[in-house]
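Note sheet for the following structure.
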Amino acid sequence: MTAATQSDVVIIGGGVMGASIALELSKAGRSVVVIDKGGAPGAGSTSASSAIIRFTYSNFNTILMAWESAQYWYNWNEFVGVEDPDGMAKFVKTGYLVFLTEGYDGVRQRELWDQFGIPYEVLNPEEVRKRWPAFETGKFYPPKSIEDPAFADDPYDQLSALFDPLSGFMDDPMLATHNLANAAQDFWRGISLQQGSCANQHFWRRRHWRDVGKRRSVQCSCSDKCCRPSRRKDQQDGRRLRRNEGASSATSSRSVFAASSSWFPS
């Protein structure tokens, strides 16, 4: 029997949502397997996410979800609860500016924010330019093609804006996903991590160098010197990354991490 058939839950997709679900289920004592075609947690669409944490949504339920979730992003290390040896993602607070344009006066947005107690400011054009001198606050509506004689007309009015000071972004969404996967695995001691194919290893390492800027341990049975795994100290629970000598070409399209078993080819 495979780990998937012996587990309580199988999650399809190892991005930030799949990994966060795996963590919560692991905390609840469930055995979990997460299946993903990529070579590492968050290596798919999550790795290209803008990772913005904001509250500018048009309905109550979505703002409620974003507002409650933001409290965990703000206190990421505390929420994850396990220090990732590869580093921890960080929330960067920048605030979020929304211009009040034709057809959007921000009234409904403010009504919803008031219900949640989300702080904000209504800024007139002068205040916007004072804080962000590089911003053009002129109104040029409607959009015009460059061939339109009115394309270069002066603005007919100025834009006001809403500013929410608590929004921001996570500095590395792929690393945040790895933090979640690492924590999910930490709830089950004695786990070894294994990877699938050599092709996946190369992809993972290239993305990691580009997106994170540090070299993460990888497992590969390839004899190529560039694929030899880098070394690191054992993690707190005594787990050791081990070379996956038995990876077969038939498993090259998928990899699995299991919170109760291992990360293994499937």
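The values are calculated or read from the model by the stated rules, or taken from the named source; none is laboratory data. What you are looking at is a predicted structure, and each value in this text was computed from that prediction instead of being measured. Cβ coordinates were reconstructed from backbone atoms using ideal geometry, including for glycine residues, and neighbour counts include every protein chain displayed.
Things to note:
- Any hit, the range 160-173, residues being closer than 17 Å to Pro85 by Cβ, in a loop (DSSP other than H, G, I, E, B) and modelled with pLDDT of 95 or more: yes
- For Arg30, the test of being of a type in the set (Lys, Arg), in contact with a strand residue (DSSP E or B) (Cβ under 7 Å, 6 or more places away or on another chain) and surrounded by fewer than 17 Cβ atoms within 10 Å (Cβ to Cβ) is passed.
For (1) part of a helix (DSSP H, G or I); (2) over 29 Å from Ala19 (Cβ atoms); (3) touching a helix residue (DSSP H, G or I) at 6+ places or on another chain (Cβ under 9 Å); (4) of a type in the set (Val, Ile, Thr), each residue gets a yes or a no:
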| residue | (1), (2), (3), (4) |
| --- | --- |
| Tyr104 | no, yes, no, no |
| Leu112 | yes, yes, yes, no |
| Arg129 | yes, yes, no, no |
| Pro142 | no, yes, no, no |
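Each row is one residue, and each column tells you yes or no for (1) over 20 Å from the mean Cα position of the chain (by Cα); (2) without any contact (Cβ under 8 Å) to a residue 60 or more places away in the chain; (3) assigned to a loop (DSSP other than H, G, I, E, B).
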site: Ile11; (1), (2), (3): no, yes, no
site: Gly14; (1), (2), (3): no, no, yes
site: Met17; (1), (2), (3): no, yes, no
site: Ile21; (1), (2), (3): no, yes, no
site: Leu25; (1), (2), (3): no, no, no
site: Ile35; (1), (2), (3): no, no, no
site: Ala40; (1), (2), (3): no, no, yes
site: Ser47; (1), (2), (3): no, no, no
site: Ser50; (1), (2), (3): no, no, yes
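- Residue within the range 143-151 that is without any contact (Cβ under 8 Å) to a residue 24 or more places away in the chain and among the hydroxyl-bearing types (Ser, Thr, Tyr) present: yes
- Within the span defined as the range 60-69, one or more residues are acidic (Asp, Glu) and part of a helix (DSSP H, G or I).
- Selection count, the range 100-123, where residues are surrounded by 14 or more Cβ atoms within 10 Å (Cβ to Cβ) and either among the hydroxyl-bearing types (Ser, Thr, Tyr) or over 17 Å from Ser58 (Cβ atoms) (or both): 2
- Every condition in (1) without any contact (Cβ under 8 Å) to a residue 60 or more places away in the chain; (2) closer than 29 Å to Gln185 by Cα; (3) not assigned by TED's automatic domain parsing to the domain that holds Gly13 is met by Val80 except one, and the failing one is (1).
- Of all positions in the range 69-80, none carries a residue that is of a type in the set (A, V, I, L, M, F, W, C), within 15 Å of Ser167 (Cβ to Cβ) and exposed (fewer than 15 other Cβ atoms within 10 Å of the Cβ).
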